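Read the structure below first, then the notes.
The values are calculated or read from the model by the stated rules, or taken from the named source; none is laboratory data. All values derive from a computational prediction rather than experimental measurement. Here the Cβ is made from the backbone with ideal geometry for all residues, glycine too, and neighbour counts use every protein chain on show. Just the protein is used for accessible areas: all its heavy atoms, side chains included, with ligands, DNA and RNA removed. Shrake-Rupley method; radii C 1.70, N 1.55, O 1.52, S 1.80 Å.
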Amino acid sequence: MPAASNGGASLHYETTGEGPTVVFVGDAGYGAWLWGWHHDAVAGPYEALVWDLRGTGESDAVGPYDVDTFAADLEAVLADHGVRNAHLVGAGLGGMVALQYAHEYGRARTLTLYNTGASGDAVDADALERLSLDAGPEQSLAGAFSPAFRENAADLVADVTDWRREEDATGDAFAGQAAAMTGFEPPPLYEVTLPTEVYYGVDDPVVPGDGAESLARDLPRGTATAVEGRHLSFVEHATAVTDRLVAFLDDHAAD
């Protein structure tokens with residue numbers, strides 16, 4: 001399986017499909033399972049690239065854990081795979097990494113950001129900590145999914161719990177990723193001029209909606225869309241969200 005290297009860390013990634021590359025950048029703590037629904041929606045007309053943040057999945061659990069380093073890791077992954085242009089899709093911490101990357105490097109073409117705030121100040125650190133698998137499977141899912149989803153999709157939630165045990169960051173790795181998210185100081189957002197869609201969960205305890213809406217307003221080409229649910233609202237309503245994503249990618253495929 002392919003792996004890039006940056007700062008002594010081996011960074012695992014996988015690709016599927018052919019066409020313009022869509023890169024998925026994970027949230028604090030969550031493994032590549034997070035992107036299963038999105039991966040299936042885009043792979044085919046697009047190349048889907050899923051990357052394990054350092055400390056997650058098969059990537060090395062070594063520091064430093066900060067957004068600048070994660071952005072440099074992403075550049076190493078894209079360079080290793082020979083990607084010239086990429087559409088970036090990031091959630092939470094991954095959305096912050098995508099913003100930083102778009103400002104510092106030249107390969108990004110569009111941004112799709114889920115439950116991402118304009119800075120670490122928009123993040124509720126206590127709610128973020130409760131998302132960690134270290135908090136226990138049941139409690140850690142309470143801030144991620146709505147009660148109705150956890151009840152009506154119990155089999156899927158059980159699968160998610162199994163996937164998390166295999167892939168999620170825990171312990172010092174989760175703490176480092178969470179600190180990167182809460183400590184994020186954004187670049188000048190008026191300089192991030194890429195087409196950007198920001199989605200937020202209306203009941204997200206980690207990044208409240210006003211933080212996401214503020215981000216969209218501060219981006220020259222940003223728009224904000226509310227999605228029912230909590231921090232993983234884009235998973236809970238994956239079909240509707242990925243339909244919008246594919247339409248957005250199609251609109252900008254030639255950019």
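List of remarks:
- Assigned charges on the beta-carbon of Lys, Arg, Asp, Glu; segment 190-239 dipole about Cα centre (debye): 120
- Expressed as a whole percent, the accessible area of segment 80-233 that falls on carbon and sulfur atoms is 43 (1.4 Å probe).
- Heavy-atom SASA rank of 228, 166 (probe 1.4 Å, accessible area, largest first): 166, 228
- Restricting segment 1-84 to GluC sites (Glu not before Pro) in coil, as DSSP defines it, with at most 15 other Cβ within 10 Å: 18, 58
- Protein heavy-atom accessible surface, 1.4 Å probe, per residue over segment 91-196: 41 Å².
- Rel. contact order, % - alpha carbon contacts under 8 angstrom, at least six apart, segment 1-100: 37
- Relative contact order of the chain, taken over Cα pairs closer than 8 Å and 6 or more residues apart, is 22 percent.
- Segment 69-218 shape via C-alpha gyration tensor axes, a/c threshold 1.5: prolate
- Heavy-atom accessible area with a 1.4 Å probe sorts 219, 194, largest first, into 194, 219.
- Annotation: residue 250 carries an accessible surface of approximately 90 Å², with a 1.4 Å probe and no ligand, DNA or RNA atoms counted.
- Projecting the Cα atoms of 128, 95, 105 onto the dipole axis of segment 39-129, where Lys and Arg carry +1 and Asp and Glu carry -1 at the beta carbon, places 105 farthest toward the positive end.
- Debye, to nearest 20: dipole size of segment 75-168, +1 on Lys, Arg Cβ, -1 on Asp, Glu Cβ: 520
- Per residue, segment 202-255 exposes 46 Å² of solvent-accessible protein surface, assessed with a 1.4 angstrom probe and all protein chains in place.
- Within segment 50-104, none of the chymotrypsin sites (Phe, Trp or Tyr not before Pro) combine a DSSP coil assignment with at most 11 other C-beta atoms in a 10 angstrom radius.
- Cα-centred dipole magnitude for segment 1-105, charges only on beta-carbon of K, R (+1) and D, E (-1), debye, nearest 20: 120
- Labels on offer are (1) -1.50; (2) -1.36; (3) -1.17, and the one holding log10 I(q)/I(0) by the Debye sum over Cα atoms at q = 0.17 Å⁻¹ computed from this structure is (2).
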